[in-house]
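The values are calculated or read from the model by the stated rules, or taken from the named source; none is laboratory data. Small disclaimer: the values here were computed from a predicted structure and weren't measured. Ideal geometry is used to build each Cβ from the backbone, glycine not excepted, and the neighbour counts take in all protein chains shown. Side chains included, ligands, DNA and RNA excluded: accessible areas come from the protein's heavy atoms. Shrake-Rupley method; radii C 1.70, N 1.55, O 1.52, S 1.80 Å.
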Amino acid sequence: MALVVVCTAHAATAQTASVVVVNQWASGFQAEVRISNPGATALTNWVVEMDLAASITSLWDARIVSHVGQHYVIAGAAWNPHLAAGATLSFGFVASPFAIASGVSVRGAGVSAPTATRPPATATRPPASVTRTNTRPPATPTRTPTRPTATRTNAPPSPTPTATRPAVSPTATATRPPATPTPTATRPLASATPTATALAASGVRVTFARTSVWDRGYNGEVRLTNTGAVAVSGWTLQFDLADRITSLWSGVIQTNGPPHWAVRNESWNGSIASGATVSFGFTADGTSGVPSACRFNGAACRFEAGPAPTSTPGAGAAIQIAGVDQPFSPALQLTVVQGVTDFALALAGGATPAFSVASNNPAVADAAIVAGPTLRITAVGAGRAGLRITDAASGAVRHIGVRVRTSAGALPGLPEHLAIGSVSEDSATDLGMWRGFGSGAKNRRVDIRYIYLNGGPIGGWYDWQGGGGNRARSYIRESQTLGMVPFFVWYNIPDAGESYFTDLAHIQSASYMTAYWDNLVKALDIIRTEGGGDLVGLVLEPDFIGYMMQLSGRQPTEIGAAVHTVYDSGVLSRASDPAFPDTLVGLVQAVNYLISRRAPNAVFGWQFNLWASLTDGSGIPASGLMRITDSLGIDAGRARIALEAQRIADYYLVAGVASYGAHFVSIDKYGLDGGFGGAATAPWSSTWFWNAIHWNNYLLFSGGLHQRTGLPVVLWQLPVGHVNHSLAANPYDPSGTFPDLDNTTQHYEDSAPSFFYGDRFDTGANGQRLAYFGAEDPEHRDSVSTAGSVVEWREHLSAARDAGVIAALFGDGVGESTRGRGDPPPDGWWWMVKTQAYLANPAR
C-alpha cells in the first residue's frame, strides 16, 4: 500500500493536521495523523476532529474524546497534550473498513490539563549494547520449583559497522512467499525531532543495498556514515525512487513518493557522531531498486553500493559473480540444481585475480576454480553449504551460501539426517570461527544455528543492534552465507524476567498482549521477507506452558488470556479470521495461526518441560523425573516416565500446540552444564549430571512425546561440556589430547555430548566415577562398556533419531555455561571436533 496523504485541513490558526495511510489490507488500514504548529505560540490541549466512515479499532499516542456517527473528536494522550511553537507530533490508528477521512481540523481545547510524563517503556530505545538477561524458569520437579539464580545469556552483541548484510536470492525463479497482509502498527515516538544540522556533501557517505528480493519487490537498507569532524544532530535524506515504499523502519517518511521521498530520523537515531553510522530500512513494491537525486540535510550527495554480503576480513564486495550480483545487491547465496554449474568471477576494477575457493560441506556442494576464471560448483545432493572465495593478490575474501535443489527441483528442507545445531551470535568471534572452516576434523559447520529473540515486546530484541529488527534480519542473512538454517527461540511472554506470576499477568494484560501481537507480526514479516523460500525455525515460548501446567491447577481452557487484543489491534479480523477464545488455548492457537499465515517459510513448535506435570504430589524425587529409576528401578521408573510424557503431551495438546500446521515439539534439558555448582565432584548425587541410564530415560521421554503428539522432536539447549579425561584425538593440539574442563565459569563438565556423540574417557583412580558413569543399562546393554578405569559410551544420535528426534541443538543457556563456539572455544574444540566427525557420517 502506498504511503499516501489522503487529506489535509487547516484550522483558523496556522496549525495543520494531515491523515496519511501507511498500510492497507483487505479488511482495513493503518493511518498516521500528523499535526504541525508553525505559529509563534504553543497549541494547548490540542484536539483533532475528522469525519471517517470506519471504526477505529486501535489508537496510540492519543485518545478518543467522542465518536458520534462518522465524526471523531481525538485529543492528546497524557504525555503529549500540548504542541510547542514550531513543533510537530503524530499519532496513529487502525480502522476498518478502508475509508478516506474528511473535514480534518485541529484546534486547542482551551482548558489546561496536567502534562504527565510519558511511560519510560516506550519513551526511548535502548542502546544496542544494553545487556538483556532473563532468569531461567524453575526446573526442580516440585510443586514450588527452584533453579540456580544464574541468568540466561540473551544479550545482543555489541554492534559492529559490518553487522548487517545485504541479502538476495540469486535465482530467477524465486517468488515472494504468499502472505495475507495485515497491519503492523508502529508507534511513532512523541519526543521532538532534533534540529537538523546542515552538512556538506563531502561530510556524509550514503550507501544503499537491496537486502532481499522477490518477484515484485525487495527490502532495502540505507546507511548514513558521518565522515566529517563535527557530529550531526538531526538528519533528513531526500531521494528519487520509482518504486513504492510500503513500510519503513528506523526512520519517518516526511514526503511520500513515488518518485520523490524524504525520510527523517527517529527521535532515537538523530545524532551521528563523527565516524559513526546510522541506518534505516524499507520494503518496496517494484523492480527498479536504484535510488537517485540524493540530498542529505539539503546538500547534494550520491548513493554508493552497500556493504559486502558479509563482514569479511578482506574487501568481499570486490569479488563479483556475473549473472548473480545485481546493482546494489551482492548475492547472499547461490541456488543450483544437482550436477555441475559454472559462475564467472571477476574483481572490481578489472584487476587480475588469483582466486581459490573452499566449501564447508563438499559432500553436498564441492567447489573449484577453473579457467575463466570460473567458479565451478559440483552439487552432489540436496542441502546447503558455505563457500569461501579468496583472491590472493588483493586479499579480498567473500563468503556465499549454496542451496542445492532436490532431484525434483524443490528447495532443500531440513537435512535428511538428524540435524545438529549450535547457539551462535552474529559477533565477530562467532562468525569468524564459522568462516575459518577447514577440512576433515578441523572443519567447522553445523546444520542449524540459533539465537534468542527475547526481551519482551517493548524495548526488547526488535530495538537491539540499531533497531528495526536488525537482530533477526542480520541473523538470517549471515546464516544463509554460511549454508546454515537459522532458528530463533521466540521468548517474549516474559520480558526482563520470568515466573508463573509474571507470565500469567502478561497474558491477561490487554496492553501487554497488544504490544506482543505487534512484536510477533514484525518478527514474522522479517522471517518471510528475509528468508523468502528458505526455512527459518521458531522454538516458541520456553517454559510458559510448563508454568501454567505445574502451578495454575487449571486446564488450558480455564486459564484466561487477553486474546481479544489480536482483533482489537487489527492484527486479525473478527470478520474473516478464526474466533480464538480469551484463554490459553486461544493464545496458542492464535500464535500458530499467525505464523502459518504470515510466514509460510517458518517451521515452528512449542517447547515442552520435563517438570511440567508435577502437580499431584506423586512422589517424584527432588532429583527429577529422569533420575526416578534410581529409586524405583528400571521397570517401574521407566513406566512412570512414559506416564509423565503422556500427561505432559496431553496437556500441551489441549493447549493447542499442534494446531495450524505446527511442525515439531521441543524439549530442553537444562540451561546449565551438569557440573555447575560443584556437582562435578559428586555427579552421582546431582540432579543434572546424568549417566547413560538417565540419558536413555530422556530418549524414552522424547519418544513418548513424539508418539503422543504425532510430531517430531527438536532437542534444544543441550549442554556442551563433556566428561573429563576424554581419550578422543585432538587435531588442534600437538599433544593430541583435549584439556580437562576445570569446572569454573564456561568450563563445566556435562555428559550430554559424550552420550550423543559417543566417547571414551578415563575415570582414573576415582572408583565412584567409574561406578556411576560405567553403570550398565539392562535395557540398553550396548550403551556402556568398561575396560579397567576407561568408560566407553557409544553414540546415541541414531537412538535419538529412532525416538523421533529430527534435530539436536547444543548451546549455553546461561552465561556461566560451557561454550562450543569461539576462537578458540573454551572446551578446547572438543564439541566442534565431535560434531564434524558425526556430520561426516550422520544418522539418517
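Tabulated data for the structure shown
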| quantity | calculated |
| --- | --- |
| The stretch 659-798: relative contact order in percent, alpha carbon pairs under 8 Å with at least 6 residues between | 25 |
| Accessible-area order (highest first, 1.4 angstrom probe) of the listed residues TYR567, TYR732 | TYR732, TYR567 |
| Amide proton proximity set for THR236, modelled H, under 5 Å, gap of 5+ | ASN297 |
| Approximate spin-label separation ALA510-THR287, in nm, with each point projected 7 Å along Cα-to-Cβ | 4.8 |
| Surface accessible to a 1.4 Å probe, HIS71 within the full protein complex, Å² | 60 |
| Linear extension gain, ALA40 paired with GLN768, 0.36 nm per residue minus alpha-carbon span | 253.7 nm |
| About the Cα centre, charge dipole magnitude for the stretch 369-466 (Lys/Arg +1, Asp/Glu -1 at Cβ), debye | 440 |
| DSSP-defined antiparallel bridges as percent of all bridges, the stretch 377-456, nearest 5 | 75 |
| Estimated FRET transfer efficiency (LYS442, PHE98; beta-carbon r; R0 56 Å; 0.05) | 0.40 |
| Heavy-atom accessible area order for PHE98, PHE488, PHE303, largest first, 1.4 Å probe | PHE98, PHE303, PHE488 |
| Alpha-carbon spread of the stretch 750-844, three principal axes, descending order, Å | 35, 32, 25 |
| Straight-distance crosslink candidates among lysines, where the alpha carbon sits under 21 Å from LYS442 and sequence neighbours closer than 8 are dropped | LYS834 |
| Additional length obtainable on full extension of the chain from SER105 to THR744, 0.36 nm per residue less Cα span | 223.4 nm |
| Length-normalised contact order of the stretch 338-461 in % [C-alpha pairs under 8 Å, at least 6 apart] | 20 |
| Inter-label distance, nm, simple model (7 Å from Cα along the C-beta direction), VAL230/ALA428 | 3.1 |
| Separation of alpha-carbon centers, the stretch 704-777 and the stretch 553-606, rounded to whole Å | 40 |
| Whole-angstrom gap from the stretch 257-294 to the stretch 626-671, using each part's C-alpha centre | 50 |
| Karplus-derived 3J(HN,Hα), 6.51/-1.76/1.60, for each residue of the stretch 365-372, Hz, glycine and proline x | 9, 8, 9, 8, 9, 10, 3, x |
| DSSP bridge orientation in the stretch 379-522 - percent antiparallel, rounded to nearest 5 | 45 |
| Accessible surface of SER18 - all protein chains present, 1.4 Å probe, nearest 10 Å² | 20 |
| Cα-projected label distance for ARG302 with ASP802, points at 7 Å along beta-carbon direction, nm | 6.7 |
| Segment ASP240-VAL340, extension gain: residue separation times 0.36 nm, minus the distance between their alpha carbons | 31.8 nm |
| THR287 accessible area, assembled protein chains, probe 1.4 Å, Å² | 110 |
